Structure formats: C-alpha cells, structure tokens
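Worksheet for the structure shown next.
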Amino acid sequence: MAAMNIDLGGLAGRPTTSQADPFQSALYGAGPGLIRSGLGVYSEKFLGSSSDFMQSNITQYLSNPQYYFQVNNQYVRNKLKVVLFPFLHRGHWTRITEPVGGRLSYKPPVQDINAPDLYIPLMAFATYIVVAGYALCVLGRFTPEALTIQFTKGLLGWFMQVILIKALLYSLGSGESPLLDIVAYAGYGFAGTSLAMLVRIFWSYSYYFVLPWFCICTGVFLVKTMKRVLQGASRTYERHPSRNHYFLLFLAAAQFPMLFWLGNIKG
C-alpha cells in the first residue's frame, strides 16, 4: 500500500505533460482575435443591413416622429389660418424640399407651412375634449363616463379619418405615404370642430352655421393637400382625372357627417 501510495504520489506530484491538441491550441490562440474580428464584421454587416431595411421600409411609412413637432408660434398661427380659412391661402400648396445626405428631403414644419405636423392635431384634440367637458357641465350632464365616451368618440373619429384618407390614397395608386403624415392630415378637423362646439355653448343656433363652414374648409384643405400628394407620388392622377376628382369630392363631402358626429355632445 505504501509503495502504491508512493507511486501514486509520485505520479500526482509530477506535472502531466500530455501532447497538446493542435486544433485546440490554434483555436485558443486565435480566439481573442479572429472570433472578435469575425463577430465584429458579421455584426457590422447585420446591423448595416438592418439599418438599410429600417430606413427603406419602416421609415417610409412611419417617418421620424420628431420631424412633426418642429414648430413655432408663427407656424401654428399660419397653419391654423390655412386649415380654418383655406380660401385665403394665396401661396402654393407644394412642400419645400432640400438635399440631405445625397437625397431630397422635405423641410420641417417650422420652415414650410405646407408640411404636416402633429402638434396642432394633438392640441386640437385636447381642446376638443376640454370643450366637450365644459359643454357637458353647462348642460348639467357631466359625468366621468360621459367624458370617456366623448374621448372614445374622438379617437374613433380620428381613426376613421385615417382609414378614409389611407383608402383614398391607396385606391388612387399612392399608398406609400408616411403613416404619420396621414395621421396629421386626419387630425386637423378637430380645430374647426372645437371652435364650433365652443361657439355653441354661448349661442346654440350659431352652431348650425359655424360647423358647416368648418366642414367646407376642412374638406377644401384635405382636397388641396391630397391633390398635391397624388400629383407628387403617382402618375395615375393624370391617367384618370375624373375618377380622382370624384374620390376627392367624396373625401370633402365625408367631412360633413364626420364633424357633425364628433360635435354632437351627449351626456
């Protein structure tokens, strides 16, 4: 037993120098360098292709959200004049472009009155909810449930406007417009609706004169805007002018039931 322990101890005490695996040593030596560089090249290629995909596909429909909030006080005043009184707009309806990164890009709203923004639609929607709540208080029918119904109605009306404009553009061969552009165009109608609801609080009969006017103005604004979008993005507008005019007139006429429905307050 002692001899065996001595032999084992001797074996345990001596460092075992087994023959090194050439492939293992090669991988071990090259691991920190080759693997890192290989992963770097692969990740760079993968991220680059992902970035190109995002830029060419997703941003085509969503665009950059920060773009729609580059506004100032002067832009807001002038844009509201265009939305509420489009007949007084003497300038052109074409958006201004500028070269950015080797390609043309639209200027932000603060530099172009014809650019869509989300600041005015969101503020108009918030004003719509506040005016609706105040009107419910004046009528003595204010409840949290009634205000929630009005809020839901506003969101549903906005969504229906988006679907209507999107379907119009798609049917006319221009279905690649950025989604946030369409959301902005669909939300401008809340500006006139909020003003008509506010007027109704102080003089109820004037509502039936003011709201039709804003329906006409919103329809004219959308027709002018969609006409510009169609002419700039598709050639089918020139191929079927009569059909396009009918679709645009339908969009303008749809503002009457839509805005009247949004302006109807029920407790």
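Answer yes or no: is there a residue in the range 134-148 that is closer than 30 Å to Tyr246 by Cα and without any contact (Cβ under 8 Å) to a residue 60 or more places away in the chain.
Let us first name the residues in the range 134-148 that are closer than 30 Å to Tyr246 by Cα, namely none.
No, the conditions are met nowhere in the range 134-148.
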Practice prompt. Return the pairs, sorted by first residue and then second, in which the second residue is in a loop (DSSP other than H, G, I, E, B) and hydroxyl-bearing (Ser, Thr, Tyr), the first residue lies in the range 175-190 and is within 25 Å of Val130 (Cβ to Cβ), the beta carbons are less than 7 Å apart, and the residues are 6+ apart or on different chains.
Written response: Leu180/Ser63
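Per-residue answers, yes or no, for (1) surrounded by fewer than 20 Cβ atoms within 10 Å (Cβ to Cβ); (2) of a type in the set (Lys, Arg); (3) at pLDDT 90 or above; (4) touching a His at 6+ places or on another chain (Cβ under 6 Å):
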{"site": "Val162", "(1), (2), (3), (4)": "yes, no, yes, no"}
{"site": "Ala191", "(1), (2), (3), (4)": "no, no, yes, no"}
{"site": "Glu238", "(1), (2), (3), (4)": "yes, no, no, no"}
{"site": "Trp261", "(1), (2), (3), (4)": "yes, no, yes, no"}
Fill in: Close pairs from the range 204-217: first among the polar types (S, T, N, Q), partner in a helix (DSSP H, G or I), Cβ under 8 Å, at least 6 apart
Ser206/Val199; Ser206/Arg200
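Can you pull out the residues in the range 113-157 that are acidic (Asp, Glu) and surrounded by 17 or more Cβ atoms within 10 Å (Cβ to Cβ)?
To start, the set of residues in the range 113-157 that are acidic (Asp, Glu) comprises 117, 145.
The one that is acidic (Asp, Glu) and surrounded by 17 or more Cβ atoms within 10 Å (Cβ to Cβ): Asp117.
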Item to complete: Specify the residue that is surrounded by the most Cβ atoms within 10 Å (Cβ to Cβ); the eligible residues are those in the range 193-215 that are touching a Ser or Thr at 6+ places or on another chain (Cβ under 9 Å) and hydroxyl-bearing (Ser, Thr, Tyr).
Response: Thr193
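In the range 71-93, what count of residues is obtained for those that are assigned to a loop (DSSP other than H, G, I, E, B) and in contact with a helix residue (DSSP H, G or I) (Cβ under 6 Å, 6 or more places away or on another chain)? Steps first, answer last, please.
To start, the set of residues in the range 71-93 that are assigned to a loop (DSSP other than H, G, I, E, B) comprises 71-72, 85, 89-93.
With the extra rule that they be in contact with a helix residue (DSSP H, G or I) (Cβ under 6 Å, 6 or more places away or on another chain), the set shrinks to 71-72, 89, 93.
Counting residues in the range 71-93 that are assigned to a loop (DSSP other than H, G, I, E, B) and in contact with a helix residue (DSSP H, G or I) (Cβ under 6 Å, 6 or more places away or on another chain) gives 4.
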Worksheet item: Restricting to the range 87-112, what's the tally of residues that are more than 16 Å from Val229 (Cβ to Cβ), of a type in the set (A, V, I, L, M) and surrounded by fewer than 11 Cβ atoms within 10 Å (Cβ to Cβ)?
Response: 2
Worksheet item: Residues Leu164, Leu211, Leu156: which one is under 16 Å from the mean Cα position of the chain (by Cα), assigned to a helix (DSSP H, G or I) and of a type outside the set (Asp, Glu)?
Response: Leu164
Worksheet item: Name the residues in the range 96-134 that are farther than 30 Å from Arg200 by Cα, in a helix (DSSP H, G or I) and out of contact with any Pro (no Cβ under 8 Å at 6 or more places or on another chain), would you?
Response: Val110, Gln111
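The values are calculated or read from the model by the stated rules, or taken from the named source; none is laboratory data. Computed from a predicted structure; not experimentally measured. FYI the Cβ positions are ideal-geometry reconstructions off the backbone, even for glycines, and counts take in every protein chain you see.
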